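To keep things clear, I will list the structure first and then write my remarks on it.
The values are calculated or read from the model by the stated rules, or taken from the named source; none is laboratory data. Since we're looking at a predicted model, the values are computed, not measured. Every residue, glycine as well, gets a Cβ built from its backbone with ideal geometry; the counts of neighbours run over all protein chains shown.
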Amino acid sequence: MSEKGENVMDQPNKSDSSADLAKNSTVAPKPSAPQAEGTGRTKMSAKGVDVFYGDKQALFDVDIDIMENRVTALIGPSGCGKSTFLRCLNRMNDVVEICKVTGDIRMEGDDIYDPRIDVVHLRARVGMVFQKPNPFPKSIYENVAYGPKIHGITRNKVEADELVEGSLRRAGLWEEVKDRLDQPGTSLSGGQQQRLCIARAIAVQPEVILMDEPCSALDPIATARIEDLIHELRENFTIVIVTHSMSQAARVSQRTAFFHLGKLVEYDETETIFMNPSDDRTQGYITGRFG
Amino acid sequence: MTDTTPDVTVPPDTGLPKTPSEASNRVRQSLRRRYAAEKRFRMYGLIAIGLALSFIVVLFTDIITKGHSAFIQSHLTLTVELDADSVDPQGDRSPESLRDGSYRGITLRAFFETLRGVSGRADQREALSLLSDAADITVRNAVLDQPDLVGTTATLPVKFGDDADIFFKGKSVAVEGLPAQSTATPSGTQGEITITADGPAFTAILEQAKIQLRDDIQGLEDDIAGFQRRIDRYQEELSQATDEDQRADLRDSIATMTDAIATDTEKVAGIEARIANPGDSEVLTRESSSYLIRINGGVVKVLAAAPNRIEGEVFFSLDSDRRADEGSWQIMTLPIAESNRRLSDKQVMWLWDLEERGLLDMQFNTTFFTSGDSREPEQAGIWGAAVGSFFTLMITLLLSFPIGVMTAVYLEEFAPKNKWTDLIEVNINNLAAVPSIVFGLLGLAMFLNVFGLPRSAPLVGGMVLTLMTLPTIIIAGRAALKAVPPSIREAALGMGASRIQAMTHHVLPLAMPGMMTGTIIGMAQALGETAPLLMIGMVAFIVDIPGGFTDPATVLPVQIYIWADSPERAFVEKTSAAIMVLLAFLITMNLAAVLVRKRFEKRW
């Protein structure tokens with residue numbers, strides 16, 4: 001039951017316009033900068049996004065530009081709508097029957113809520129890692145090989161083997177599991193499971209990876225490994241991460257958005273948010289006065 | 001605070017604990033209460049389990065004690081002369097010729113020759129009911145198997161009839177033999193004879209006759225007591241009556257009653273004299289136990305007995321009328337009166353004699369597992385019903401599993417949540433509670449009358465049972481789908497799997513064990529279902545093993561019902577045996593459900 005967003009605009013090819021439209025005080029995008037450096041080409045942009053769960057409005061008029069090859073952290077107290085917003089970016093909210101998304105969310109200028117957009121293709125381009133590690137109850141190998149297989153990225157066993165190994169290596173899991181690829185993914189430890197989920201996500205070679213509190217169920221050591229991994233992955237992927245931990249946001253992200261009561265309060269360079277927030281609520285949250 | 005005093009500045013003493021130690025005391029008290037409640041509750045549970053278990057034990061013991069003997073069938077080792085003229089009319093040993101042969105005559109002749117003392121048509125008729133009607137068919141099949149037997153004298157096991165079978169299984173009448181403690185002399189070897197003993201050897205038999213007499217006395221005494229009560233009542237009425245005519249009537253009645261009492265008392269005295277005086281012989285009736293004397297190689301049935309002399313009828317003729325020594329002859333008792341059993345004394349003696357001569361052969365009852373129903377218990381089997389059940393369940397499985405699973409998947413995963421789906425859901429849940437006979441009526445009205453499908457066919461039975469099983473499967477399937485953690489769905493969708501892919505690749509495999517369990521339980525229910533099948537004619541008496549989905553057939557529970565309804569005593573054990581087979585199937589299926597669950601269940 002895909003709930004189509006009611007789009008204000010319907011212009012499929014406006015790759016940079018959304019960056020210009022960004023109204024919050026973001027660092028000025030530099031379209032000419034080389035991509036590999038990740039200096040801020042806009043990958044996804046949201047404008048005027050409202051989300052309703054039945055009668056209850058969960059997000060109010062959110063405008064954000066997600067920069068390419070950067071880690072964007074979404075922080076805020078519980079129930080502030082940061083996860084809801086994250087799930088709008090790959091239309092995972094479609095599954096929730098009562099959820100309605102309005103506004104304009106674009107990926108490289110294409111409206112992702114356009115009826116012509118194939119949600120399956122969108123999710124292949126925007127991968128997701130969930131709060132609780134949720135490997136399929138299948139073997140480690142199958143967990144990673146599944147996505148590429150259904151998308152037709154790998155056409156035979158040789159390709160699949162290569163991709164599985166590559167993905168597991170990039171997720172830093174290869175050395176730990178290479179001898180037991182046929183064991184169930186659920187037999188791994190929590191941190192390993194989460195890295196397996198990341199490997200599974202990157203095996204599809206998405207452009208953006210959404211992470212919904214990926215470390216909240218993990219111990220500090222596993223968390224540190226995931227954070228290191230996020231650093232490495234930034235070179236190739238655009239990452240949006242929801243986190244409860246402000247220190248984690250400070251450690252892994254380049255840009256941080258602070259949500260409060262369904263509204264985007266402030267969105268800026270991470271350093272600016274933590275050192276010199278312009279909004280009192282942001283100040284209050286990061287200094288621990290509420291949240 | 002329940003106290004209603006308006007004073008708020010000084011809180012009233014409500015007895016609330018003021019110090020931690022007081023509070024802890026209260027906790028301790030409440031703990032004791034809680035533990036007591038817990039203990040009580042556990043005990044209720046144990047009692048319930050104990051009750052349930054004891055019921056099961058009683059049920060199984062009953063079924064097994066009644067039914068185990070059905071797996072054994074008594075056979076007679078019959079020596080048949082297979083003369084070529086009757087067996088092979090064309091004389092070429094071809095199967096056609098052998099099939100045309102007349103086997104009944106030679107079989108019966110051989111049987112009558114095997115029995116002792118069969119003389120005359122009446123005896124033959126009596127003997128005939130002991131042998132299975134299919135005995136000649138057994139002989140024919142043996143000859144067809146081995147044409148070499150023609151012209152020889154063959155020894156073949158043939159089945160006894162159901163009454164004989166029950167006798168051999170010790171379920172009708174016991175034959176108790178006791179060596180006698182004195183010498184006896186028969187007066188002859190044939191016909192009605194007298195056996196005289198030199199001591200009171202027959203007092204036990206006489207006692208039996210006396211029991212009969214005492215019963216008579218009891219009856220008379222009851223009559224006397226009745227008369228006496230009436231006299232008492234008349235006398236009371238007499239003391240109050242004023243009308244002279246009425247008084248005269250009452251006096252007359254009293255006089256009649258008194259006379260009757262006198263007559264009966266006299267009779268009682270007469271009988272008592274007979275009981276007291278052991279010299280006279282008393283007649284044994286059909287209502288008393290039977291006694292048979294085994295003497296000089298023959299058997300004599302006691303007709304009348306005195307302490308040291310009996311009069312009797314020779315069943316098996318004696319070798320001689322010489323004196324029999326102490327311990328060399330026996331008195332045999334059949335405790336159940338002849339009028340209360342299906343086998344006559346003579347039939348019992350024939351069977352007993354066959355057993356004595358070692359011609360009885362108890363064999364495993366293969367017929368029970370290989371043949372269809374029959375009016376003759378010894379020829380009845382459950383294979384027809386088992387095959388019918390198999391075909392019916394095949395249809396049920398083939399229809400209900402895919403439909404049930406697809407319905408469950410659609411309703412749970414794809415259907416929009418609106419009034420229509422709510423309505424469908426409520427209806428499915430209600431269908432699970434519809435009495436099964438209603439489905440039978442539906443099957444009769446729709447499948448037979450509208451669609452014109454064949455009556456009594458597993459096809460229709462399966463369709464009706466499908467209707468009955470579907471709600472179970474759908475409900476179990478939906479529960480299984482609900483139990484799959486949403487994280488799996490999210491993971492698959494987040495990978496970019498389409499909804500169908502997420503369903504078929506991830507959710508369905510996880511839900512499958514639950515769905516299969518539900519299906520097997522539904523099938524087990526269907527296997528045990530009788531009522532709806534009655535409506536579509538699967539209750540018919542069907543002898544042939546069904547060969548397909550449209551052949552007339554019956555199913556195991558219906559077979560049990562048919563047998564339980566049959567008057568023949570031998571069907572009692574068949575019924576229990578069929579129940580055992582059905583239970584074995586059900587337990588196997590439920591075990592399969594558990595194993596399937598264990599095998600496919602995956603941790604997530």
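If you check B:Leu508 against the conditions, is it more than 44 Å from the chain's Cα centre (by Cα), under 30 Å from A:Ile117 (Cβ atoms), touching a residue at least 60 places away in the same chain (Cβ under 8 Å) and away from every other protein chain (no Cβ under 12 Å)?
Judged against the criteria, B:Leu508 is a match.
Quick test of your reading of the structure: A:Gly103 fulfils all but one of (1) touching a strand residue (DSSP E or B) at 6+ places or on another chain (Cβ under 6 Å); (2) small (Gly, Ala, Ser); (3) within 14 Å of another protein chain (Cβ to nearest Cβ). Name the failing condition by number.
Among (1) touching a strand residue (DSSP E or B) at 6+ places or on another chain (Cβ under 6 Å); (2) small (Gly, Ala, Ser); (3) within 14 Å of another protein chain (Cβ to nearest Cβ), A:Gly103 violates only (3).
Quick one: B:Ser498 ticks every box in (1) more than 14 Å from chain A (Cβ to nearest Cβ); (2) surrounded by fewer than 17 Cβ atoms within 10 Å (Cβ to Cβ); (3) at pLDDT below 90 bar one, so which box is it?
Failing condition for B:Ser498: (1).
Which one is surrounded by the most Cβ atoms within 10 Å (Cβ to Cβ) among residues in the stretch A:106-143 that are within 13 Å of chain B (Cβ to nearest Cβ) and of a type in the set (D, E, K, R)?
Among them, the one singled out is A:Arg123.
Please pick out the residue among A:Glu213, A:Glu232, A:Glu162, A:Glu176 that is at positive phi and out of contact with any Cys (no Cβ under 6 Å at 6 or more places or on another chain).
Numbers: A:Glu232 fails: at positive phi; A:Glu162 fails: at positive phi; A:Glu176 fails: at positive phi.
When all the criteria are applied, what remains is A:Glu213.
Okay, residues lined up against (1) farther than 30 Å from A:Asn93 by Cβ; (2) more than 14 Å from chain A (Cβ to nearest Cβ); (3) in a helix (DSSP H, G or I):
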position: B:Leu459; (1), (2), (3): yes, yes, yes
position: B:Met468; (1), (2), (3): yes, yes, yes
position: B:Ile474; (1), (2), (3): no, yes, yes
position: B:Gly477; (1), (2), (3): no, yes, yes
position: B:Glu490; (1), (2), (3): no, no, yes
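Can you name the condition, by its number, that B:Phe160 falls short on among (1) in contact with a Ser or Thr (Cβ under 7 Å, 6 or more places away or on another chain); (2) surrounded by fewer than 17 Cβ atoms within 10 Å (Cβ to Cβ)?
The failed condition is (2).
Of the numbered conditions (1) within 15 Å of B:Lys210 (Cα to Cα); (2) in a helix (DSSP H, G or I), B:Thr256 satisfies every one except a single condition; which is it?
Looking at each condition in turn, B:Thr256 falls short on (1).
Please go through (1) surrounded by fewer than 16 Cβ atoms within 10 Å (Cβ to Cβ); (2) touching a strand residue (DSSP E or B) at 6+ places or on another chain (Cβ under 7 Å); (3) part of a helix (DSSP H, G or I) for B:Ala110 and return the number of the only condition it doesn't satisfy.
Failing condition for B:Ala110: (1).
Report, by residue number, each residue of the stretch A:202-224 that is crowded, with 19+ Cβ neighbours inside 10 Å and of a type in the set (D, E, K, R).
A:Asp212, A:Glu213 - these are the residues of the stretch A:202-224 that are crowded, with 19+ Cβ neighbours inside 10 Å and of a type in the set (D, E, K, R).
Can we say B:Leu399 is crowded, with 20+ Cβ neighbours inside 10 Å and either touching a residue at least 24 places away in the same chain (Cβ under 8 Å) or outside any helix (DSSP H, G or I) (or both)?
Spelling it out, it is not the case that B:Leu399 is crowded, with 20+ Cβ neighbours inside 10 Å and either touching a residue at least 24 places away in the same chain (Cβ under 8 Å) or outside any helix (DSSP H, G or I) (or both).
Condition check: touching a residue at least 12 places away in the same chain (Cβ under 8 Å) and within 32 Å of the chain's Cα centre (by Cα). Does B:Glu176 satisfy that?
yes
Do the conditions hold for A:Arg87, that is, is it surrounded by fewer than 22 Cβ atoms within 10 Å (Cβ to Cβ), under 16 Å from the mean Cα position of the chain (by Cα), within 11 Å of chain B (Cβ to nearest Cβ) and not aromatic (Phe, Trp, Tyr)?
Considered against the rule, which asks whether it is surrounded by fewer than 22 Cβ atoms within 10 Å (Cβ to Cβ), under 16 Å from the mean Cα position of the chain (by Cα), within 11 Å of chain B (Cβ to nearest Cβ) and not aromatic (Phe, Trp, Tyr), A:Arg87 comes out as no.
In the stretch A:185-198, which residues are facing chain B (nearest Cβ under 9 Å) and modelled with pLDDT under 90?
Correct list: A:Thr186, A:Ser187.
Can you find a residue that is modelled with pLDDT under 80 and in contact with a helix residue (DSSP H, G or I) (Cβ under 6 Å, 6 or more places away or on another chain) anywhere in the stretch B:161-172?
yes
Give the residue, chosen from B:Thr530, B:Thr554, that is touching a residue at least 12 places away in the same chain (Cβ under 8 Å) and surrounded by 22 or more Cβ atoms within 10 Å (Cβ to Cβ).
Checking each option against the conditions leaves just B:Thr554.
Just wondering, is there one or more residues in the stretch B:554-567 that are touching a Gly at 6+ places or on another chain (Cβ under 6 Å), outside any helix (DSSP H, G or I) and at pLDDT 90 or above? Before the answer, list the steps.
Within the stretch B:554-567, the subset touching a Gly at 6+ places or on another chain (Cβ under 6 Å) is B:554-555, B:557.
Next, from what is left, pick out any that are outside any helix (DSSP H, G or I): B:554-555.
In the following step, the residues that additionally are at pLDDT 90 or above were identified as B:554-555.
Checked against the condition, which is being touching a Gly at 6+ places or on another chain (Cβ under 6 Å), outside any helix (DSSP H, G or I) and at pLDDT 90 or above, the stretch B:554-567 yields at least one hit.
Tell me which residues, restricted to the stretch A:144-160, are more than 10 Å from chain B (Cβ to nearest Cβ) and among the small types (Gly, Ala, Ser).
A:Ala145, A:Gly152, A:Ala160
Would it be correct to say that B:Met516 is away from every other protein chain (no Cβ under 14 Å) and buried (at least 19 other Cβ atoms within 10 Å of the Cβ)?
yes
Since B:Glu412 meets every condition but one in (1) over 30 Å from B:Leu130 (Cα atoms); (2) away from chain A (no Cβ under 14 Å); (3) surrounded by fewer than 22 Cβ atoms within 10 Å (Cβ to Cβ), which condition does it not meet?
With respect to (1) over 30 Å from B:Leu130 (Cα atoms); (2) away from chain A (no Cβ under 14 Å); (3) surrounded by fewer than 22 Cβ atoms within 10 Å (Cβ to Cβ), B:Glu412 is out only on (2).
For the list (1) under 20 Å from B:Leu398 (Cα atoms); (2) crowded, with 16+ Cβ neighbours inside 10 Å; (3) away from chain A (no Cβ under 14 Å), I need the number of the one condition that B:Phe451 fails.
Going through (1) under 20 Å from B:Leu398 (Cα atoms); (2) crowded, with 16+ Cβ neighbours inside 10 Å; (3) away from chain A (no Cβ under 14 Å) one by one, B:Phe451 breaks only (2).
Does B:Leu591 satisfy being closer than 25 Å to B:Ala483 by Cβ and either free of Cβ contacts under 8 Å to residues at least 24 places away in the same chain or surrounded by 19 or more Cβ atoms within 10 Å (Cβ to Cβ) (or both)?
Here the answer is yes, as B:Leu591 does meet what is asked.
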